[in-house]
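*Asks:* So that we are looking at the same thing, I have put the structure below in structure tokens.
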Amino acid sequence: MVGMELSEFGKKFTDKAGILSLMDDMGRAMGGGRDVIMMGGGNPGYVPEFQEIVRKRLQDICADRKAFQRLVGIYNPPQGVQGFIENLATLLHREYGWQIGPENICLTNGSQTGFFLLFNMFAGVFSGSVKKKIRLPLTPEYIGYADIGLDRDFFVATRPKIDCQEDHLFKYRVDFDGITLGEETGAICVSRPTNPTGNVVTDEEMARLDELARAHRVPLIIDSAYGVPFPGIVYSDVQPIWNENIILCLSLSKLGLPAVRTGIIVANREIVRAVSGMNAIMSLAPGNFGAILAEKMVGSGEILSLSKTLIRPFYQDKVEKAMTVIHTEFAGISYRIHRPEGAMFLWLWFEELPITSLQLYERLKKRGVLVISGHYFFPGLEGDSWSHKDECLRVTYSQDEQQVAAGITIIAEEVRKAFSEAGG
Ligand SMILES: Cc1ncc(COP(=O)(O)O)c(C=O)c1O
């Protein structure tokens with residue numbers, strides 16, 4: 001409709017959101033009628049054995065009239081499918097000793113929806129016109145958060161510490177000296193592993209964040225979309241943590257089920273009640289599909305063993321192969337890779353890159369390689385003119401290995417070209 005007048009809400013959510021323009025751009029490039037090497041998206045890979053297990057489960061459900069009716073024919077309570085929730089509460093209590101029951105878990109239509117609800121519950125305008133923000137203790141951080149606030153200017157962040165390591169590696173660490181919490185802090189949130197960097201915040205850093213959050217009486221939101229306990233795409237030994245002040249956000253997506261849109265919130269009962277209420281208002285109830293498909297594997301604990309024996313090795317093998325290609329192809333270039341500790345991304349840093357990462361992205365797109373420019377991943381640091389923000393790329397390694405290798409070769413060529421044009 002031409003000239004349509006929109007509310008503040010309407011304007012905020014139809015404005016040029018970073019994630020929307022990015023998805024649009026990628027979609028257009030993919031639909032451009034030529035072969036494209038897709039190293040940009042966050043789609044999980046297809047793990048054949050896992051798909052077979054899910055297919056079999058679906059067949060069993062379809063063969064059973066009652067089970068099928070339950071899958072497609074009923075609205076569940078706004079908290080989500082009770083059988084799944086009960087199984088998960090039992091599993092988490094049994095495995096980790098967490099004092100939780102079904103009243104501590106609710107489902108959302110994808111964890112992205114969960115973040116929308118949680119962030120807007122804890123940040124924005126409060127009574128007395130106090131404005132609160134979500135504190136990101138570490139950036140780069142997930143681009144999907146950036147446009148989620150009903151209000152603008154929703155995040156506050158500080159630069160991380162950079163720990164340069166051998167073999168062209170580096171690791172971001174939380175700069176605790178730079179974190180100030182106060183009246184304006186609504187909640188702390190960290191993704192673990194982090195999208196885009198593959199960083200896994202250490203157990204020690206988590207313990208300090210937990211302490212900080214409790215001392216300041218704000219919730220600590222942990223986005224474990226790739227992490228522990230499932231799908232467990234973490235290559236080091238880290239522990240999941242939970243207590244009444246932690247909101248642990250899980251998802252079935254990165255196990256290989258992004259289309260079922262099942263997000264899981266594990267939190268104290270007050271928060272679970274609040275999110276369930278919002279589910280009722282926004283969508284009556286979260287979808288049943290993912291929860292019913294996964295209910296048995298949660299009940300038996302198979303979801304944990306599959307994470308360890310199928311999902312993690314699938315990605316670990318891919319990352320090791322991609323790293324080998326990078327070290328070969330990038331020889332002679334000044335490059336660093338964030339130590340790949342989890343998730344499905346490599347985060348490449350070209351220090352003093354003579355063009356911006358966005359320009360590099362454009363050049364790569366012309367060569368048929370789709371990556372994501374790193375500058376998108378600094379929510380809360382928009383006003384900071386830190387050159388590092390324009391020196392990084394996010395590369396996905398979840399897809400076909402040969403394509404990934406071909407893409408890396410082209411990235412190396414373009415980076416080399418950019419440095420040589422600048423006389424470097
Ligand atoms: C760090 C992180 N959190 C949350 C999500 C949202 O996942 P979903 O809504 O599919 O559960 C994603 C998706 O890519 C992600 O990368």
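The numbers here are math on the coordinates, done by the rules we state, and not lab data. Predicted model only: the values in this text are computed from it and were never measured. Here the Cβ positions follow ideal geometry from the backbone for every residue, glycine too, while neighbour counts run over all protein chains shown.
*Asks:* Give me a comma-separated list of calculated 3J(HN,Hα) values for segment 335-350, in order, Karplus coefficients 6.51, -1.76, 1.60 applied at θ = phi - 60°, integers in Hz, x for any Gly or Pro.
*Replies:* Listing the rounded values in order: 9, 9, 10, 5, 3, x, 9, x, 6, 9, 10, 10, 10, 9, 10, 10 Hz.
*Asks:* Treating each Cα of segment 74-305 as an identical point scatterer and ignoring solvent, apply the Debye formula and state log10 I(q)/I(0) at q = 0.13, 0.18 Å⁻¹.
*Replies:* Ignoring solvent entirely, the Cα scatterers give -0.75, -1.43.
*Asks:* Percent antiparallel among DSSP beta bridges with both residues in the chain, to the nearest 5? Numbers along the way, then the final one.
*Replies:* On the way: 25 of 43 bridges.
If we restrict to bridges inside the chain, about 60 percent are antiparallel.
*Asks:* Which aspartates and glutamates have a Cα lying under 13 Å from the Cα of Lys254, excluding residues fewer than 8 positions away in the same chain?
*Replies:* Output for Lys254: Asp223.
*Asks:* Which of Ser385, Ser357, Ser283 has the fewest other C-beta atoms within 10 Å, and how do the rest follow up to the most?
*Replies:* On the way: Ser385 7, Ser357 24, Ser283 14.
Ascending Cβ contact count within 10 Å gives the list Ser385, Ser283, Ser357.
*Asks:* Semi-axes, largest first, in whole Å: what does sqrt of 5 times each Cα gyration tensor eigenvalue give for the chain? Don't skip to the answer; put the middle values down first.
*Replies:* Working: eigenvalues 229, 139, 98 Å².
Whole-Å semi-axes of the equivalent ellipsoid: 34, 26, 22.
*Asks:* Find the lysine pairs in segment 280-365 meeting two conditions, Cα atoms under 24 Å apart and a separation of 8 or more places or different chains, and report how many there are. Don't skip to the answer; put the middle values down first.
*Replies:* On the way: Lys296/Lys308; Lys308/Lys318; Lys308/Lys321; Lys318/Lys365; Lys321/Lys365.
So the count of such lysine pairs works out to 5.
*Asks:* Which whole-Hz couplings ³J(HN,Hα) result when phi for each residue of segment 49-55 is put into the Karplus expression 6.51 cos²θ - 1.76 cosθ + 1.60, θ = phi - 60°, listed in order with x for Gly and Pro?
*Replies:* Ordered by residue, 3J(HN,Hα) equals 5, 5, 4, 5, 4, 5, 4 Hz.
*Asks:* With θ taken as phi - 60° and the coefficients 6.51, -1.76 and 1.60, list the Karplus ³J(HN,Hα) couplings across segment 126-133 in order, rounded to whole Hz; mark glycine and proline as x.
*Replies:* Ordered by residue, 3J(HN,Hα) equals 10, 4, x, 6, 5, 10, 10, 10 Hz.
*Asks:* Further question on the same structure: Calculate for the chain the 222 nm mean residue ellipticity that helices alone would give, adding -39,500 (n - 2.57) per DSSP H run of length 4 or more and normalising by residue count, nearest 500 deg cm²/dmol.
*Replies:* Numbers: 14 runs with 168 residues, N = 424.
Only helices count here, giving -12500 deg cm²/dmol.
*Asks:* Name the most mobile residue of Leu138, Leu58, Leu310, meaning the one with the largest mean-square fluctuation, in a Gaussian network model of the chain with Cα contacts below 10 Å.
*Replies:* Most flexible of the set in this elastic network: Leu58.
*Asks:* Follow-up. Determine, for Leu284, Leu88, Leu117, the number of other Cβ atoms within 10 Å of each Cβ, and report the residues in order from fewest to most.
*Replies:* Exposure proxy ranking, most exposed first: Leu284, Leu117, Leu88.
*Asks:* Here is a further query. Tell me which aspartates and glutamates have Cα within less than 16 Å of Lys56's Cα, excluding those fewer than 8 residues away on the same chain?
*Replies:* Candidates past the 8-residue exclusion: Asp64, Glu295, Glu302.
*Asks:* Continuing with the same structure: List the lysines whose Cα lies under 18 Å from the Cα of Lys133, skipping any in the same chain that are fewer than 8 positions away.
*Replies:* Those lysines meeting the cut-off are Lys12.
*Asks:* Ok, one more. For a footprinting-style exposure proxy, rank Lys171, Lys366 by other Cβ within 10 Å, fewest first. Kindly include the intermediate steps, with their values, before the conclusion.
*Replies:* On the way: Lys171 18, Lys366 10.
Result, fewest neighbours first: Lys366, Lys171.
*Asks:* Also, I was wondering about something else. Mind giving me the FRET efficiency for Ala63 and Asp15? R0 is 45 Å, r the Cβ-Cβ distance, nearest 0.05 is fine. Intermediate results must be reported in sequence, preceding the final value.
*Replies:* Numbers: r = 48 Å, r/R0 = 1.06.
Step by step, r from the Cβ atoms, then E = 0.40.
*Asks:* Would you mind telling me which residue in Lys321, Lys254, Lys133 has the biggest mean-square fluctuation in a Gaussian network model of the chain, where springs connect alpha carbons within a distance under 10 angstrom?
*Replies:* Lys321
*Asks:* With everything on Cα atoms, drop me the angle between helix 18-30 and the longest principal axis of the chain, reported from 0 to 90° to the nearest 10.
*Replies:* That works out to roughly 70 degrees.
*Asks:* What is the local net charge at Asp203, summed over the other residues whose Cβ is closer than 14 Å to its Cβ (Lys, Arg +1; Asp, Glu -1)? Could you put the intermediate results ahead of the total?
*Replies:* Working: positive: Arg173, Arg192, Arg208; negative: Glu204, Glu205, Asp210, Glu211, Asp237, Glu341.
So the environment of Asp203 carries a net charge of -3.
*Asks:* So what is the relative contact order for the chain, in percent, with contacts set as C-alpha pairs under 8 Å and at least six apart?
*Replies:* Values: 778 pairs, mean separation 96.2, N = 424.
Reported as a whole number, the value is 23 percent.
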